[in-house]
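So the structure is just underneath, and the comments pick up after that.
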Amino acid sequence: MADKFRPLSKRVGAETTVGRGEIMEPAFIKETLESLEHYGVLVFHRLGLTDEQQVAFSSKLGEVIPQGKVQPDGSRDVIFKITLDEKENDAAEYLKSTIHWHIDGIFDDTPPVRATILTGRRLSKTGGATEFCNTYAAYNDLSPEEQRRCDSLRIMHSLVASHRVWNPDSTPEETERWRKRRAPKEHPLVWHHRSGRKSIVIGMTVDQVMGMSEAEGRAFMEKLTAHTTRPENVYHHDWEIGDLVIWDNCGTMHRATPYDPASGRMMHRTVLLGTESIG
């Protein structure tokens, strides 16, 4: 295994002291990609990249997908601003649900996010940490009988479900608005990766466990989520200005811890194109 990264926990996360002068070197890029597959989350403390440097570094790791603000010519900014300030991000309402566990790009066969690269720009005085859990380890920890059951199940994901977690009393009109924004997507519960590894695909977007009643499906998902997010399977990152964190979106879930929407918390995000279908 690469030696530039030191494990942060037994199951997920590693950190490095490599600085801006080394991150673009081909040998380090190779090491970073290998370590991302192994550790799931990589932390660069106080690296302090500019937007241009973050985009350049991200481009070395994979194909960057523009997901930021739409410009007058129809193009999109590469940097996406993670903030609850609606003046800075017109998707701020959706981001309210990201204090719950989720996987980015869940509504596509091939997720548009292979990995996410995030830089801390402004922080909240309280809350606003990011937590990550290892969904490979969660699958491996299941008993053989539980694995066989999970291998046979399929899940319906929807934006309505993600909206419901922070606004359970939404009106029928609000629910219909979210339904129209993105069609629901059915995926297998277990992602069979080309590497031979398997991971669990769940999160706040789960709307229905196919073949189960609503009550049975809810109870099943609560139990599986608790199993997946046990403390020993989670890395908790308290941000400092300039921190850069990369995570493997194919083998982890993540969430922000609750913070004041008026705090001005701001993260700058780049994302890498996915390369394999969930199933």
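The values are calculated or read from the model by the stated rules, or taken from the named source; none is laboratory data. What you see is a predicted model, and the numbers here were worked out from it, not measured in a lab. When we count neighbours, we look across all protein chains shown, and the Cβ atoms used for this are built from the backbone with ideal geometry, even at glycine.
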(Q) Which numbered condition in (1) modelled with pLDDT of 95 or more; (2) surrounded by 14 or more Cβ atoms within 10 Å (Cβ to Cβ); (3) in a loop (DSSP other than H, G, I, E, B) is the only one that VAL113 fails? (A) (1)
Q. Which of the residues spanning the stretch 229-251 are part of a strand (DSSP E or B) and either in contact with a Leu (Cβ under 6 Å, 6 or more places away or on another chain) or more than 24 Å from ARG194 (Cα to Cα) (or both)?
A. VAL234, TYR235, HIS236, HIS237, LEU244, VAL245, ILE246, ASP248
**Q.** Residue check for GLU174: in a helix (DSSP H, G or I), modelled with pLDDT of 95 or more and acidic (Asp, Glu)
**A.** no
Q: Quickly run through the stretch 43-70 and pick out the residues that are over 15 Å from ASP243 (Cβ atoms) and of a type in the set (S, T, N, Q).
A: SER58, SER59, GLN67
Q. Considering the stretch 135-171 alone, what residues qualify as being assigned to a loop (DSSP other than H, G, I, E, B), more than 24 Å from the chain's Cα centre (by Cα) and among the charged types (D, E, K, R)?
A. ASP169
Q | the stretch 11-25 residues that are in contact (Cβ under 8 Å) with a residue 12 or more places away in the chain, paired with ones that are of a type in the set (D, E, K, R) and surrounded by 13 or more Cβ atoms within 10 Å (Cβ to Cβ) (beta carbon under 6 Å, 6 or more apart) | A | THR16/LYS4; VAL18/LYS4
Q) Scanning for something within 19 Å of the chain's Cα centre (by Cα), at pLDDT 95 or above and on the phi > 0 side of the Ramachandran plot, does the stretch 64-87 turn up at least one residue? A) no
Q: Being under 17 Å from GLY19 (Cβ atoms) and of a type outside the set (S, T, N, Q) is the filter; apply it to the stretch 40-51 and report the residue that is surrounded by the fewest Cβ atoms within 10 Å (Cβ to Cβ).
A: ARG46
Q. Taking the stretch 172-226, which residues are hydroxyl-bearing (Ser, Thr, Tyr) and either exposed (fewer than 14 other Cβ atoms within 10 Å of the Cβ) or over 20 Å from ASP109 (Cβ atoms) (or both)?
A. THR175, SER195, SER213, THR225
